[in-house]
Structure formats: C-alpha cells, structure tokens
Ligand SMILES: NC(=O)c1ccc[n+]([C@@H]2O[C@H](COP(=O)([O-])OP(=O)(O)OC[C@H]3O[C@@H](n4cnc5c(N)ncnc54)[C@H](OP(=O)(O)O)[C@@H]3O)[C@@H](O)[C@H]2O)c1
C-alpha cells in the first residue's frame, strides 16, 4: 500500500527508528524510499547501517520530494522543526505526527492551511512490534490518509481510531500503560520472591501470566469479568488474593492513576 511512497522521517530516535524498522520488516516500504533526518549524526549512521535507509542532517532535504512526512521529534522541538519545513515540503504531502500533546491544529497553522495531518499516540512496545496506537485525523485528512496511517502502525502493533479530543485519555491509558504494567509486574515479582521463589522465576511466571491473560482479553470472546469468574473458584486461592485487592481498592487506584495521567497530558499540551 505504501510501495512507491517516498517517506521522510524527521527524528530517527526510539520511536522513529522503531517505525522505520517495522515498516521495512513488514514489507510496507523499500528502505531506499525512506529518508531519515536527525540532528544526531551517530544515530543517522546507525540507521543507515542497520536499516539501509537514506539519511541526512537537513530536515528540508528529507522532505523535499516526500509524499509522506513522519514527525517523530520530541514535542518541545516541534515548533522549530515545523518552521523549517514549510518552504521545502510538497504541499500535498501527508503529515503524520507522533509527538505527545501536539495538536493537528498546531501543525496545520505552521505548515499552511489545507495540509493533511494525522496525529498518532503510539506506545513503547512498538519497539518490539507489540505497540498500541490511537490515530486521529486533522481538519483536512481523508479516509485514505487514515488508512495509510493505520497501515504503518499496524506494522508495529495494533491501531484504533479516536476523535482528537480523546488523545489525552489515550495518553493516560495506553501511552502511559506500559509504565503502569512495569510497576505492577515489578511488585508481583517482589511478592513471588517474598513467598520463596527466585527473582528470575517469579518475573518469568508473572510476565507470562500477563501476556497470556492479555491475549485472552484481546481475543474478545469473553469480557474480562467473565474470564476472571472462570479462574475464581468458590473458597479458592484466586478469590483469597482478589479479596485483598478489592479491599485495598485496587480498581479505584487504577482509575485515579489514569485520570491523573490524562489531566497531566492536557496540562503539558497547554489545554488546561
Ligand atoms: N518513546 C515513547 O515511548 C513514545 C510514546 C509515544 C509517543 N512518543 C513520541 O514520539 C516522539 C519521539 O520520541 P522518542 O522517544 O523517539 O524520542 P527520541 O528517542 O529522543 O527521538 C527524537 C530524535 O529527534 C532528534 N531531533 C531533535 N531535534 C531535532 C530536529 N530539530 N530535527 C531533527 N531531529 C531532531 C533527536 O536527536 P537528539 O538526540 O540529538 O536531540 C532524537 O534522535 C516524541 O514526540 C514523543 O512524544 C514517544
């Protein structure tokens, strides 16, 4: 679907790099149709060697003939990057931004009215092809633009579409989600050690339990409450553990955590 599309990636860091790898490994694009621009020369050398993409230190050179521009720099660098692109880019290029908190309107204002922008909130497991991304169209993006964007992020995980005003909620849930899970896995592993297991064994067992349970949830055949009922026999071990979690108000803690992260995302984006 992206074959023949010339792609410019501005910012070849962790996320930019993961997306380039995912697109090439997934056969969406040929390496020679991707140009990466970054201020970090060493990083460019690494990407040229490992992914065989074209590289440049000049953002304008990267976008000059690009049909699709992927913006993967930090939010605080976006204004400066956009200011340099306007004169160089093809006005009909599709612009995809993964910068947290940066609205499509912010990009449209700086790149010129009518520019087609899609905003994406990916998350960290995209690095291993297991990301969860939400996409939202800007004012001029078309159905075809959304389809192309979805195609890219499907190469490194799963993709859902949301309205842009829900992007803070996405950031608070799946954007921050891996961080929550790491804390919970860490705590469970500590608990396993406390009960006598080695750290290595405890970590392996609990991480695989998360993976297996998550896969069952993603199958979508039964809601989580029903799956939980299936593993909770009357008077049994799971029930004893769940009782402690409910008494400790685990659900309320998780709700409050996502609410706090959503609010923080809005604050960082200057929306609150
Ligand atoms: N990592 C995540 O889990 C995650 C999740 C969701 C969304 N995101 C979004 O993805 C974006 C990138 O994050 P990241 O974690 O990949 O950051 P990163 O690893 O720091 O990558 C950003 C890259 O852009 C380069 N850069 C800085 N200024 C530039 C400029 N003016 N022109 C061209 N390149 C420039 C940086 O070089 P220097 O190192 O020299 O500054 C760096 O190599 C952010 O906007 C973030 O909000 C990331």
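The values are calculated or read from the model by the stated rules, or taken from the named source; none is laboratory data. Everything numeric in this text was worked out from a predicted model, so none of it was measured. Ideal geometry is used to build each Cβ from the backbone, glycine not excepted, and the neighbour counts take in all protein chains shown.
Values computed for the structure shown
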item: Filter result (surrounded by 10 or more Cβ atoms within 10 Å (Cβ to Cβ), under 31 Å from the mean Cα position of the chain (by Cα) and assigned to a helix (DSSP H, G or I)) within the stretch 219-241; result: 224, 227, 228
item: In the stretch 110-135, the residues that are part of a strand (DSSP E or B) and either under 20 Å from residue 18 (Cβ atoms) or not assigned by TED's automatic domain parsing to the domain that holds residue 78 (or both); result: 118, 119, 120, 121, 131, 132, 133, 134, 135
item: Among (1) under 22 Å from residue 155 (Cα atoms); (2) in a loop (DSSP other than H, G, I, E, B); (3) more than 10 Å from the ligand (Cβ to nearest atom) - the single one residue 87 does not satisfy; result: (1)
item: Set 148, 110, 60, 64: member being under 23 Å from the mean Cα position of the chain (by Cα), surrounded by fewer than 21 Cβ atoms within 10 Å (Cβ to Cβ) and either over 30 Å from residue 180 (Cα atoms) or more than 14 Å from the ligand (Cβ to nearest atom) (or both); result: 148
item: Qualifying positions in the stretch 195-213 - exposed (fewer than 12 other Cβ atoms within 10 Å of the Cβ) and either closer than 22 Å to residue 232 by Cα or under 23 Å from the mean Cα position of the chain (by Cα) (or both); result: 195, 208, 211, 212
item: Residue 26 being surrounded by fewer than 21 Cβ atoms within 10 Å (Cβ to Cβ) and over 26 Å from residue 87 (Cα atoms); result: yes
item: In the stretch 10-43, the residues that are within 9 Å of the ligand (Cβ to nearest atom), part of a helix (DSSP H, G or I) and within 20 Å of residue 88 (Cβ to Cβ); result: 16
item: When residues of the stretch 113-127 are limited to those that are at pLDDT below 95 and either away from the ligand (no atom under 12 Å from the Cβ) or closer than 13 Å to residue 167 by Cα (or both), the one surrounded by the most Cβ atoms within 10 Å (Cβ to Cβ); result: 123
item: Which numbered condition residue 159 misses (of (1) buried (at least 17 other Cβ atoms within 10 Å of the Cβ); (2) assigned to a helix (DSSP H, G or I)); result: (2)
item: Of the criteria (1) out of contact with any strand residue (DSSP E or B) (no Cβ under 9 Å at 6 or more places or on another chain); (2) at pLDDT below 95, which one residue 183 fails; result: (2)
item: Scope the stretch 32-55; condition touching a helix residue (DSSP H, G or I) at 6+ places or on another chain (Cβ under 6 Å) and surrounded by fewer than 16 Cβ atoms within 10 Å (Cβ to Cβ); matching residues; result: 52
item: Condition broken by residue 196, with the remaining ones in (1) under 24 Å from residue 267 (Cα atoms); (2) in the same structural domain as residue 254 (by TED's automatic domain parsing); (3) in a loop (DSSP other than H, G, I, E, B) satisfied; result: (1)
item: Filtered residues of the stretch 90-99 (kept if within 20 Å of residue 18 (Cα to Cα) and either surrounded by fewer than 21 Cβ atoms within 10 Å (Cβ to Cβ) or away from the ligand (no atom under 12 Å from the Cβ) (or both)); result: 94, 95
item: Filter pass, residue 69 being more than 8 Å from the ligand (Cβ to nearest atom), in a helix (DSSP H, G or I) and buried (at least 20 other Cβ atoms within 10 Å of the Cβ); result: no
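Residues are listed down the side, and each one gets a yes or a no for (1) touching a residue at least 40 places away in the same chain (Cβ under 8 Å); (2) out of contact with any helix residue (DSSP H, G or I) (no Cβ under 6 Å at 6 or more places or on another chain); (3) within 18 Å of residue 74 (Cβ to Cβ):
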{"position": "101", "(1), (2), (3)": "yes, no, yes"}
{"position": "108", "(1), (2), (3)": "no, yes, no"}
{"position": "115", "(1), (2), (3)": "no, no, no"}
{"position": "141", "(1), (2), (3)": "yes, yes, no"}
{"position": "144", "(1), (2), (3)": "no, yes, no"}
{"position": "147", "(1), (2), (3)": "yes, yes, no"}
{"position": "159", "(1), (2), (3)": "no, no, no"}
{"position": "166", "(1), (2), (3)": "no, yes, no"}
{"position": "186", "(1), (2), (3)": "no, yes, no"}
